[in-house]
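Values quoted throughout were computed directly from the atomic coordinates according to the rules given, and no laboratory measurement underlies them. Fair warning: this is a prediction, and the values are worked out from it, not measured in the lab. Ideal geometry is used to build each Cβ from the backbone, glycine not excepted, and the neighbour counts take in all protein chains shown.
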Amino acid sequence: MPPTVKVKASDSAVKKRREDDARRVLDEFGDLLPGCRLLCFFDDEDCQEFKLIMGQGNRAFHRPITDNTPFAGWPEYITGSIFVDDPASFLFKRMFDHVIYLHGSTCADRVGMTMSFAHELQHVIQRVKVPKLLAANGLFRYLPKTLLQSVEFQWSDIPTEREARAVAKGIAVSLHGSEAVSELLRQRASTTNDPIELADLRFIQELDTSTPYLLKDETLALFARFKDHRPEFESLIEEFKFNPDFEAVDLDSFMPPVVDSKQ
């Protein structure tokens, strides 16, 4: 099943252009995209509820959804695209298993929209094709901030994020040209004082998208950097034991337990 593209826009020309740009990005992925029920929603405004949850700097996100997914705070115009009235059962039927959402401010810039959309599409691929790697990578987001700061850790150090950034930049360069991508990154850098975002923008600017990247090897290498902090990972896994996003994590596969040689 090909992804479904929905663009919310009052201007028909804007709507058509964003639909076309979205499909060009999808075409860049070709057969790499999994055949899952995916809704790609392009808003013409910023959803403040999403920004409250994910931060004011959030541009887009991907979420897998199930019948148990809470949708409190989601705009009706989005949930109305996810669920349809089923006359046979008199219930609302869920039509999608994954959602990619882009804020209106993200869609306002064609290059920025391309990069954010491609980034989230790569996360969909990771979710479907390498869920254990994605789940393991996700743990690093929740390590104590003091620990992450002590090793000068950046989001781009997370292999699944690094891969998504590389794919997004490569597709944006393919569709819009390297100068347009560099200019977008320069503009973003000029409008933020956040050192984390500035470091990330510099990383993307310097990123060589032609270099082969082995996601599993890089994930193992990252865990090796934190080999002395297994207890912190064990605590996170215990904390998230009822969270479906992390149920696939087998810590021993990435960080073998230390064997006491005295035993």
(request) Give me D for the range 1-129 in µm² s⁻¹, whole number, from Stokes-Einstein with Rh from the Kirkwood sum over alpha-carbon pairs, 25 °C and 0.890 mPa s. (result) 162 µm²/s
(message) Checking the cross-link filter: which aspartates and glutamates have an alpha carbon closer than 19 Å to that of K145, excluding same-chain neighbours under 8 positions apart?
(response) D157, E161, D194, E197, D200, D228, E232, E234, E238, E239
(request) Starting from the Cα-Cα distance between S10 and R186, subtract it from 0.36 nm times their residue separation and give me the gain in nm to one decimal. (result) 60.4 nm
(message) When only alpha-carbon atoms are used, what values of Rg and Dmax, in angstrom, describe the chain?
(response) 19.6, 73
(request) Taking the dipole about the Cα centre of the range 1-129, with the C-beta of Lys and Arg at +1 and of Asp and Glu at -1, give me whichever of Q48, F96, G35 is farthest to the positive side. (result) G35
(request) Mind checking the range 164-251 for GluC sites (Glu not before Pro) that DSSP puts in a loop (not H, G, I, E or B) and that have at most 14 other Cβ atoms within 10 Å? (result) E247
(message) Explain nothing, just the number: relative contact order of the chain, from Cα pairs under 8 Å at least 6 residues apart, as a whole percent.
(response) 18 percent
(request) Note down the magnitude of the dipole of the range 143-263 about its Cα centre, charges +1 on Lys and Arg C-beta and -1 on Asp and Glu C-beta and zero elsewhere, to the nearest 20 debye. (result) 240 debye
(request) Please report how far the C-alpha centroid of the range 1-43 lies from that of the range 153-222, rounded to the nearest whole angstrom. (result) 22 Å
(request) Choose one of L133, P231, V181: the residue whose Cα lies farthest towards the positive end of the charge dipole of the chain (beta-carbon charges +1 Lys, Arg; -1 Asp, Glu; about the Cα centre). (result) V181
(request) Evaluate the range 132-255: find the radius of gyration of its Cα atoms, find its Kirkwood radius, and give the ratio Rg to Rh. (result) 1.02
(message) Using a Förster radius of 35 Å, what is the FRET efficiency between H229 and S105 based on their Cβ-Cβ separation? Nearest 0.05, please.
(response) 0.40
(message) Under a crude label model (7 Å from the Cα following the beta-carbon direction), how far is A221 from K51 in nanometres?
(response) 3.7 nm
(message) Output wanted: per-residue J couplings in Hz (rounded whole) for the range 184-193, from phi through Karplus 6.51 cos²θ - 1.76 cosθ + 1.60, θ = phi - 60°, x for Gly and Pro.
(response) 4, 5, 5, 4, 5, 5, 6, 10, 9, 10
(message) Can you compute the charge dipole magnitude of the chain about its Cα centre, using +1 on each Lys and Arg Cβ and -1 on each Asp and Glu Cβ, nothing else charged? Give it in debye, rounded to the nearest 20.
(response) 280 debye
(request) Mind checking which aspartates and glutamates have their Cα closer than 12 Å to the Cα of K15? Skip sequence neighbours fewer than 8 apart in that chain. (result) D43, D44
(message) Run the reach check for K129 against lysines, Cα to Cα strictly under 16 Å, same-chain hits fewer than 8 apart removed. What comes back?
(response) K216
(message) Ignoring everything except DSSP H segments at least 4 long, calculate the 222 nm mean residue ellipticity for the chain; use -39,500 (n - 2.57) per segment, divide by total residues, nearest 500.
(response) -15500 deg cm²/dmol
